[in-house]
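The values are calculated or read from the model by the stated rules, or taken from the named source; none is laboratory data. Just so we're clear, the structure is a prediction, and the values are computed from it rather than from any experiment. No Cβ is skipped: glycine too gets one built from the backbone with ideal geometry, and neighbour counts run over all protein chains shown.
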């Protein structure tokens, strides 16, 4: 299409139409917009990567703390399982373990064989109780420390025989009772609770 120059009024045979310029400028604006978006995305990705590295570091740190606390908990359970309840004794035993235990062994494995423990560790462990001698029977079927049951008075059938105030019932005292003693003590406690 021929184009006539407004200044010299000559015809130009190979003129570029205005629509082509509009199209090129439109594409150029689109490319600039896409470039700005790409640069923003690149900055965001760089910041995210930096944040990701920081988060990975925090995760590794938290995992290390969790492992340390799990190990500490397992050590405490092993010491308590050996019968040590005193905090100072437990700390002393763990200090001996840290200094004297073979490499790669856990506290539970170390405490499993008390004969191989150092004297410092053995002294902290509770000593096993001596075996009890069998109780002799008085021939009636009751242990010697238990008096024979007294018959209830005939004048008052609802009365519970009571010769002395019962002592405090401790777990050790209950463990030493025979079945009959335990039933009598339980009945006496229930009766005193009802009358109060």
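Brief remarks follow.
- The single residue among 23, 34, 61 that is surrounded by 11 or more Cβ atoms within 10 Å (Cβ to Cβ) and modelled with pLDDT of 85 or more turns out to be 23.
- Given (1) surrounded by 10 or more Cβ atoms within 10 Å (Cβ to Cβ); (2) free of Cβ contacts under 8 Å to residues at least 12 places away in the same chain, number of the condition residue 75 does not satisfy: (2)
- Test result for residue 147, in a loop (DSSP other than H, G, I, E, B) and either surrounded by fewer than 10 Cβ atoms within 10 Å (Cβ to Cβ) or modelled with pLDDT of 65 or more (or both): yes
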